[in-house]
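Novice: Mind having a look at this structure? Questions to follow.
The values are calculated or read from the model by the stated rules, or taken from the named source; none is laboratory data. All figures in this text were calculated on a predicted structure; none of them were measured in a lab. Cβ sites come from the backbone with ideal geometry, for glycine too, and all protein chains shown count toward neighbours. Heavy atoms of the whole protein, side chains included, go into the accessibility calculation; ligands, DNA and RNA do not. Shrake-Rupley method; radii C 1.70, N 1.55, O 1.52, S 1.80 Å.
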Amino acid sequence: MIIVKSREEIELMRESALIVSKTLGMIASEIKEGVTTLYLDKLAEEFIRDHGAEPSFLGLYGFPNSLCMSPNAQVVHGIPNNTPLKSGDVISVDCGAYKNGYHGDHAYSFEIGEVAPETKKLLQVTKESLYVGIREFKLGNRVEDVGNAIQKYTESHGYGVVRELVGHGVGQKMHEDPEMPNYGKKGRGKLFVEGMVVAIEPMINMGTRNIKQLKDGWTILTADGKPSAHFEHDVAIIDGKPEILSTFGYIYKALGIVSNEEDEFRREPLVL
């Protein structure tokens, strides 16, 4: 059942989403060659708690950490460890924060040092596909309109779209209806309505769309060992249109990136 949010609830969710955004911005300042993902995870937990929230992922379904950190061929759900990051790595950092009864949940794929051009392109196209999908999250459209847009965009570049893992509704629970696949046929699935809030998150592989799982019960890998990319925003339907509740702005500020990619999805400019 889709749980529609009031404007007041959406504003509470924006607060939670922006705590995640700020956490990822802090991570952007710290993530580099030689740093371990376990160190970054500890920083994130402290940062989230210092902002009056709780880490959404810690203990969720038994997950042992506050961040999902998934380098290179890991798609999602990677467990932080003591292996130092090295130049050429790319890594998805997925984060959640719970405050005032609502979750925020979004993700960004970072480059470490000098990354291969073909891997840079994978990250670029995957991030672009996120916004391609968000444009379809509007009143009158359906779930698979979003997935179809993401699928067409990424497959046109020769990439594989993961089928087994999907985006989702978000609210008082981390995972709510509807599931938001990154593939599909236009005109199918649940109808979008005013006040819906979802996490849209393309998970796109350089090669095959097929995946496998490690024996740890969490880590998802590409079946062919090629890199994967993952980007995610929390998005609400307000006045019939998609509005992003999260932002990559704090990441871009830390990395010195200038971007207006989110502007079309905000009624008012975001002040960092």
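Novice: When segment 1-36 is examined, which residues are found to be open to solvent by 40 Å² or more (accessible area, probe 1.4 Å), among the aliphatic types (A, V, I, L, M) and in a loop (DSSP other than H, G, I, E, B)?
Specialist: Of everything in segment 1-36, those that are open to solvent by 40 Å² or more (accessible area, probe 1.4 Å), among the aliphatic types (A, V, I, L, M) and in a loop (DSSP other than H, G, I, E, B) turn out to be 1, 3, 4.
Novice: Here is a list of conditions, (1) in a helix (DSSP H, G or I); (2) open to solvent by less than 30 Å² (accessible area, probe 1.4 Å); (3) within 23 Å of residue 89 (Cβ to Cβ), and residue 70 meets all of them except one; can you say which number that is?
Specialist: With (1) in a helix (DSSP H, G or I); (2) open to solvent by less than 30 Å² (accessible area, probe 1.4 Å); (3) within 23 Å of residue 89 (Cβ to Cβ) applied to residue 70, the lone miss is (1).
Novice: Among the residues of segment 260-272, write down those that are open to solvent by 30 Å² or more (accessible area, probe 1.4 Å) and under 26 Å from residue 166 (Cβ atoms).
Specialist: Narrowing segment 260-272 to residues open to solvent by 30 Å² or more (accessible area, probe 1.4 Å): 260-261, 263-264, 266-272.
Answer for segment 260-272, where residues must be open to solvent by 30 Å² or more (accessible area, probe 1.4 Å) and under 26 Å from residue 166 (Cβ atoms): 261, 264, 266.
Novice: Condition (residue is touching a residue at least 60 places away in the same chain (Cβ under 8 Å), in contact with a Gly (Cβ under 8 Å, 6 or more places away or on another chain) and surrounded by fewer than 20 Cβ atoms within 10 Å (Cβ to Cβ)) applied to segment 37-57: is it met by at least one residue?
Specialist: no
Novice: Restricting to segment 109-161, and then to whatever is part of a helix (DSSP H, G or I) and in contact with a Gly (Cβ under 6 Å, 6 or more places away or on another chain), can you tell me which residue is surrounded by the fewest Cβ atoms within 10 Å (Cβ to Cβ)? I'd like the intermediate steps shown before the answer.
Specialist: Residues of segment 109-161 part of a helix (DSSP H, G or I): 117-134, 143-155.
So of that shortlist, the ones also in contact with a Gly (Cβ under 6 Å, 6 or more places away or on another chain) come out as 143-144, 146-150.
Working: 143: 24, 144: 20, 146: 31, 147: 27, 148: 22, 149: 22, 150: 30.
Residue satisfying both the conditions and the ranking: 144.
Novice: Hey, another quick one. Does any residue of segment 187-194 turn out to be closer than 21 Å to residue 17 by Cα, surrounded by 16 or more Cβ atoms within 10 Å (Cβ to Cβ) and among the small types (Gly, Ala, Ser)?
Specialist: Scanning segment 187-194, I find no residue that is closer than 21 Å to residue 17 by Cα, surrounded by 16 or more Cβ atoms within 10 Å (Cβ to Cβ) and among the small types (Gly, Ala, Ser), so the answer is no.
Novice: Can you find a residue that is outside any strand (DSSP E or B), in contact with a His (Cβ under 7 Å, 6 or more places away or on another chain) and modelled with pLDDT of 95 or more anywhere in segment 175-188?
Specialist: yes
Novice: Next up: For residue 166, are the conditions met, namely being open to solvent by 20 Å² or more (accessible area, probe 1.4 Å), under 24 Å from residue 56 (Cβ atoms) and hydrophobic (A, V, I, L, M, F, W, C)?
Specialist: Yes, satisfied.
Novice: Those residues that are of a type in the set (Val, Ile, Thr), open to solvent by 20 Å² or more (accessible area, probe 1.4 Å) and assigned to a loop (DSSP other than H, G, I, E, B), I need them from segment 199-222; list them, please.
Specialist: Once the filter is applied, which keeps residues that are of a type in the set (Val, Ile, Thr), open to solvent by 20 Å² or more (accessible area, probe 1.4 Å) and assigned to a loop (DSSP other than H, G, I, E, B), segment 199-222 yields only 208.
Novice: Quick check, is residue 172 more than 22 Å from residue 109 (Cα to Cα), open to solvent by 30 Å² or more (accessible area, probe 1.4 Å) and among the polar types (S, T, N, Q)?
Specialist: For residue 172, the condition - more than 22 Å from residue 109 (Cα to Cα), open to solvent by 30 Å² or more (accessible area, probe 1.4 Å) and among the polar types (S, T, N, Q) - is met.
Novice: Additional query: What's the number of the only condition in (1) of a type outside the set (Ser, Thr, Tyr); (2) at pLDDT 95 or above; (3) more than 30 Å from residue 62 (Cα to Cα) that residue 220 fails to meet?
Specialist: Of (1) of a type outside the set (Ser, Thr, Tyr); (2) at pLDDT 95 or above; (3) more than 30 Å from residue 62 (Cα to Cα), only one is false for residue 220: (3).
Novice: Tell me, which residue of segment 251-272 that is in contact with a helix residue (DSSP H, G or I) (Cβ under 9 Å, 6 or more places away or on another chain) and assigned to a loop (DSSP other than H, G, I, E, B) is nearest to residue 26 (Cα to Cα)?
Specialist: Filtering segment 251-272 for residues that are in contact with a helix residue (DSSP H, G or I) (Cβ under 9 Å, 6 or more places away or on another chain) and assigned to a loop (DSSP other than H, G, I, E, B), the one nearest to residue 26 (Cα to Cα) comes out as 272.
Novice: Among the residues of segment 223-250, what is the count of those that are under 23 Å from residue 151 (Cβ atoms) and assigned to a loop (DSSP other than H, G, I, E, B)?
Specialist: 8
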